[in-house]
Structure formats: C-alpha cells, structure tokens
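*Asks:* Dropping a structure here in structure tokens format, bear with me for questions.
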Amino acid sequence: MDSTSLPTRQAGTFDESFADGGVFLLNTQEAGLNRIMGVMATSSHLYFCGSRTLNPLNSRYLLGRMWPDGSLDDTFGAEGIVQASFGGTQESTGRSIAICSDGKLLLTGSVAYRSPALARYYPDGRLDRSFGTTGHVILPLPEEIDEQVALDIQGESQDSACTVTPLADGKILVVRNYVITHEADTRAFVFLLNSDGSLDTTFNQKGYVQVLYPGATAADVGLASGSTDSNGRIMVCGRLMLSDESTYTPLLARYTRDGRLDTSFGEKGFIVYSDAPRLKAGLVAVIGQPNNRLLGIGITEDGEQGVLVSLEPDGSANIQFNRGQPLLTRLDNTTTRWKSGVMQADGKIVLAGQIKRPDQRSEAVVVRLLSDGLLDSTFNNVGWTSTPVHEEPLTHAVVLQADGKIVVAGETGTTRNTQGFLLRFHASN
C-alpha cells in the first residue's frame, strides 16, 4: 500500500480502523431513544451499555460487546447486544458499566429514573443469577427517606446522580442523590454492598451513610460521583450549596471503609471552596493522579467553563498543578463542559465533554493535559479535538484501551430520536 494512503496516527485524531472511520453508531430498526451511556475496555473486547426506549413506559437496558475493530460480536447476546429489564420492570435504563475484580461485568442503571439498579453478567453475556435476586439488585430507599415524597426525575442531572464502582475486594460502592420535594431538594447517600449485592452492614452499621456537611442542611449537599483512593478509602464529590449567596461550590469528602468521615482529609473529612473568592462550580467526578493525588473534574455553576482541582492525599492543594489553583477552561473561547476523565499511565489527563459554539451548535470534545494542567500540544497539535457527530452530541464516559487508545461513549440526536455512539482516537503518534 502506498504510504500516502495510510490513515494518520497522530494523537487526537480518529482511529480509522475502528467502525466507520473511528465512529460507531448504534443502529436499530426501532425508533425512539437508543442511548450509549457507558463503555469499558478489556484486553480482547469493548463493552458498552445504555438503553432502548420505545415509549415513556417501555424501556430496556442494553449491554453490548464488540471486537477491537468496532464490529459487534455476534456470539454475545443477540447479534452482540443483550437487552433486558431490572427485575422485570418496564422502565429500565442502563447508565454505566465496570469490570469486577473477578472479570464479571457490573451494569448500573435505574428503574423509572428513581431507584438505583444493578445487574451482573459473565463476560460471555450470561446473567449471573447468584447476584441479588436472579441477577439483579434494586436498591431500597434509605430509612431516612419517605417513599411517598421521593420524586421521579426524568433525564440526566446532578440532582439525581448515581454512580457505582466495583472494588478490589469484591464489594461495590454506590453514590446516590435522591430528589425529595423538588429537583433542588436532595439527600446524598453513600452505600457499600457485599459482592452478592446485599448491604454491607459493617459500613456505618447500616450499609450506607448520609453525607451531611456541618452547619448546612441535608439538601445543601449534592453528590455526583465516588471512587476509592490508593489506600482503599472512599472518595465522594459533588457540590455544597452556600445559602448566603444562593450559589454552590465544589465539595469532596473522604470516608473510611467502616463508614466514618476520615478526619485526616481536609477539614474534618471535607474539602470545600467557600472562602472568598469563591469557586462557583460543582464536581462530576474524582479520579486518582500519580503519587496518590486526586483530581476533581467539574463544571462552573453558569455552565460556561470546565473546572479541575488537584489535591494532595491529605486534601491540600497540589502546587504542581496550575500553581495550586483551580483550573478553569474555555476551549476556543466557547462554552466548555467536562463530563468524565481518565488518567494515562504517564500522568497525562484525558477529559471528555462538550463545547457549544456561539451559534448554539454542540460538539463532542476530548482534551489531553499534561500533569501540571497545561494543554498537551502533541495531541492534535493544540491539546484537544472536537467533532459534531451529527447533531447535539453529548458525551457520557471515556475509557483507555490497553494499547492507550481513547474511547468515548455518548449520544446524538433529538429528545425523540437519539442514537448512541462510540468514538475512538489515537493516543500516540
């Protein structure tokens, strides 16, 4: 083959060996909402999850497996995709996927947008019926919440956020916001489950803990995500409402594995940015950095800028990242919103999100930063890349393959006709 016909391999460009020129679109003969919300890579396959909604009262979660070239693996489920419902419910949505320490697949979703739900599968697509009730777990409401007043909230928002993380010892971390009387009136909880899906009562003697900030009301705390640090301690992040200014600021908290606040972190277990000048933003994810540091990923309150905060293990500012200050970003001087992020082995930071042009046209965006927060100019020459992916694309998750390639999951289309997508980018020249 003539070398001039070979596809470019520059970092930040589409991997044209994947699907259709680097883009996989979830095709279906059924009209409606066909979403891809999560993606996970193993050494041999890519897995993705989402949902297929035929009408507001009839939705199923889906779990798919594909070969490295972006073609569906027809030995998995029905032509590469498993469709099912949590516990036989008619309103099931898949939201994220993770690999457990034993190689099984943990699917996270919700029932009627309200109750967190989980399913566990073998890598070949068989439901693991030893998990929960014949393969599914629907989390009960905490006793602190009256079932009669908890609301159903349609769509995606931080106010009804839920994330699930399988841990190295087989246990499962769940972070969940419950909406009570209106979308701003929430209750934030952290759950720890045993490997069979039951509540781990060694965690706060209940299997869960409500996150309450000293001097604030329960509704002032909103969580978006959780993970564990290098020592197995539980990290959660989100936002704290500041009542005196009717605005909010980033919040992080750390808990021990028995459900107590880790008072060696920040101020009595919490980090907030409430001092003047206040950082008006919320965090959507927290991930690990080299040297046991932490990176909080978020969006400013006005939705105009992405925000990153880097912390030392004790919660103090990492002065090697943006001189210890929160990093605010507007790519190409446009509205920029981070949705998720991952850390490369060399300490570089990969973020996925959206930008919105002045004409209101949205584009999916991937950016790579150096460990100090500066744009990595080896990535698409400018440090970032964007693509319209048809109309109004939204990114939901980003993952790295074993070979370093970057895969982004999202959706594109209208509120009535949505199509899920996966994008794959080169990560090295």
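The values are calculated or read from the model by the stated rules, or taken from the named source; none is laboratory data. It should be emphasised that the depicted structure is a prediction, and the values quoted were computed from it without experimental measurement. Glycine gets a Cβ as well: all are built from the backbone with ideal geometry, and neighbour counts include every protein chain shown.
*Asks:* What number of residues within the range 277-301 are assigned to a loop (DSSP other than H, G, I, E, B) and touching a residue at least 12 places away in the same chain (Cβ under 8 Å)?
*Replies:* 4
*Asks:* Please find, within the range 403-429, the residue that is surrounded by the most Cβ atoms within 10 Å (Cβ to Cβ) out of those that are among the hydrophobic types (A, V, I, L, M, F, W, C) and closer than 22 Å to residue 369 by Cβ. Before the answer, list the steps.
*Replies:* As a first pass, look at the range 403-429 and keep what is among the hydrophobic types (A, V, I, L, M, F, W, C): 406-409, 421-423, 425, 427.
From what's left, closer than 22 Å to residue 369 by Cβ: 406-409, 423, 425, 427.
On the way: 406: 24, 407: 24, 408: 27, 409: 30, 423: 26, 425: 25, 427: 22.
Only one residue fits best here, namely 409.
*Asks:* Within the range 349-360, can one find any residue that is surrounded by fewer than 21 Cβ atoms within 10 Å (Cβ to Cβ), closer than 17 Å to residue 306 by Cα and at pLDDT 90 or above?
*Replies:* Yes, there is a match, as at least one residue in the range 349-360 is surrounded by fewer than 21 Cβ atoms within 10 Å (Cβ to Cβ), closer than 17 Å to residue 306 by Cα and at pLDDT 90 or above.
*Asks:* Name the one entry in 181, 165, 201, 186 that is surrounded by 21 or more Cβ atoms within 10 Å (Cβ to Cβ) and either out of contact with any Lys or Arg (no Cβ under 8 Å at 6 or more places or on another chain) or among the acidic types (Asp, Glu) (or both).
*Replies:* On the way: 181 fails: surrounded by 21 or more Cβ atoms within 10 Å (Cβ to Cβ); 165 fails: surrounded by 21 or more Cβ atoms within 10 Å (Cβ to Cβ); 201 fails: surrounded by 21 or more Cβ atoms within 10 Å (Cβ to Cβ).
Being surrounded by 21 or more Cβ atoms within 10 Å (Cβ to Cβ) and either out of contact with any Lys or Arg (no Cβ under 8 Å at 6 or more places or on another chain) or among the acidic types (Asp, Glu) (or both) holds for just one of 181, 165, 201, 186, which is 186.
*Asks:* Please give the number of the condition residue 122 fails out of (1) surrounded by fewer than 19 Cβ atoms within 10 Å (Cβ to Cβ); (2) in contact (Cβ under 8 Å) with a residue 40 or more places away in the chain.
*Replies:* With (1) surrounded by fewer than 19 Cβ atoms within 10 Å (Cβ to Cβ); (2) in contact (Cβ under 8 Å) with a residue 40 or more places away in the chain applied to residue 122, the lone miss is (2).
*Asks:* Criterion first (exposed (fewer than 13 other Cβ atoms within 10 Å of the Cβ), at pLDDT 80 or above and of a type outside the set (A, V, I, L, M)) does residue 43 satisfy it? It would help to see each step written out before you state the result.
*Replies:* Values: exposed (fewer than 13 other Cβ atoms within 10 Å of the Cβ): yes; at pLDDT 80 or above: yes; of a type outside the set (A, V, I, L, M): yes.
Judged against the criteria, residue 43 is a match.
*Asks:* Only one of 395, 334 is within 25 Å of residue 36 (Cβ to Cβ), over 20 Å from the mean Cα position of the chain (by Cα) and hydroxyl-bearing (Ser, Thr, Tyr); which?
*Replies:* Details: 395 fails: over 20 Å from the mean Cα position of the chain (by Cα).
Just a single option satisfies the conditions, and that option is 334.
*Asks:* Separate question: Examine the range 344-353 for a residue that is charged (D, E, K, R), farther than 14 Å from residue 11 by Cα and out of contact with any strand residue (DSSP E or B) (no Cβ under 9 Å at 6 or more places or on another chain), and state whether such a residue exists. Break it down into steps so the answer makes sense when it comes.
*Replies:* Of the residues in the range 344-353, the ones charged (D, E, K, R) are 346, 348.
Narrowing further to those that are farther than 14 Å from residue 11 by Cα: 346.
Imposing the further condition that a residue be out of contact with any strand residue (DSSP E or B) (no Cβ under 9 Å at 6 or more places or on another chain) reduces the set to 346.
Yes, that holds for at least one residue.
*Asks:* Still on this model: I need a count of the residues in the range 96-128 that are closer than 11 Å to residue 197 by Cα and in a loop (DSSP other than H, G, I, E, B).
*Replies:* The total comes to 0.
*Asks:* Something else about it: Keeping to the range 302-323, report how many residues are outside any loop (DSSP other than H, G, I, E, B) and either over 25 Å from residue 256 (Cβ atoms) or touching a helix residue (DSSP H, G or I) at 6+ places or on another chain (Cβ under 8 Å) (or both).
*Replies:* Going through the range 302-323 one residue at a time, the tally reaches 7.
*Asks:* Quick check on this structure: which one of 336, 385, 395, 412 is touching a Pro at 6+ places or on another chain (Cβ under 8 Å), in a strand (DSSP E or B) and of a type in the set (Ser, Thr, Tyr)?
*Replies:* Working: 336 fails: touching a Pro at 6+ places or on another chain (Cβ under 8 Å); 385 fails: touching a Pro at 6+ places or on another chain (Cβ under 8 Å); 395 fails: touching a Pro at 6+ places or on another chain (Cβ under 8 Å).
Of 336, 385, 395, 412, the one residue that is touching a Pro at 6+ places or on another chain (Cβ under 8 Å), in a strand (DSSP E or B) and of a type in the set (Ser, Thr, Tyr) is 412.
*Asks:* Right, another one. Would you point out the residue of the range 115-144, among those that are among the small types (Gly, Ala, Ser) and under 22 Å from the mean Cα position of the chain (by Cα), that is nearest to residue 79 (Cα to Cα)? Show your work before the answer.
*Replies:* Narrowing the range 115-144 to residues among the small types (Gly, Ala, Ser): 115, 117, 119, 125, 130, 132, 135.
After this cut, where a residue has to be under 22 Å from the mean Cα position of the chain (by Cα) as well, the list is 115, 117, 119.
Working: 115: 29, 117: 25, 119: 20 Å.
Selected residue: 119.
*Asks:* Of all residues in the range 270-301, how many are under 15 Å from residue 336 (Cα atoms) and acidic (Asp, Glu)?
*Replies:* Result for the range 270-301: 1.
*Asks:* Here is a further query. Just give me the residues in the range 213-257 being part of a strand (DSSP E or B), hydroxyl-bearing (Ser, Thr, Tyr) and without any contact (Cβ under 8 Å) to a residue 60 or more places away in the chain, in sequence order. Quick ask: steps written out before the conclusion?
*Replies:* Of the range 213-257, the ones part of a strand (DSSP E or B) are 221-228, 234-242, 247-255.
So of that shortlist, the ones also hydroxyl-bearing (Ser, Thr, Tyr) come out as 225, 227-228, 247-249, 255.
Of everything in the range 213-257, those that are part of a strand (DSSP E or B), hydroxyl-bearing (Ser, Thr, Tyr) and without any contact (Cβ under 8 Å) to a residue 60 or more places away in the chain turn out to be 247, 248, 249.
*Asks:* Just name the residue that is farthest from residue 307 (Cα to Cα) out of those in the range 213-244 that are surrounded by fewer than 15 Cβ atoms within 10 Å (Cβ to Cβ) and in contact with a helix residue (DSSP H, G or I) (Cβ under 9 Å, 6 or more places away or on another chain).
*Replies:* Step one: of the range 213-244, the residues surrounded by fewer than 15 Cβ atoms within 10 Å (Cβ to Cβ) are 214-215, 217, 230-232, 243-244.
Now drop any that are not in contact with a helix residue (DSSP H, G or I) (Cβ under 9 Å, 6 or more places away or on another chain), which leaves 230-231, 243.
Numbers: 230: 23, 231: 26, 243: 22 Å.
Only one residue tops the list, namely 231.
*Asks:* Output the residue which, of all residues in the range 46-78 that are of a type in the set (D, E, K, R) and closer than 26 Å to residue 111 by Cβ, is surrounded by the fewest Cβ atoms within 10 Å (Cβ to Cβ).
*Replies:* Step one: of the range 46-78, the residues of a type in the set (D, E, K, R) are 52, 60, 65, 69, 73-74.
Retained after the next criterion (residues that are closer than 26 Å to residue 111 by Cβ): 52, 60, 65.
Working: 52: 23, 60: 20, 65: 24.
Only one residue fits best here, namely 60.
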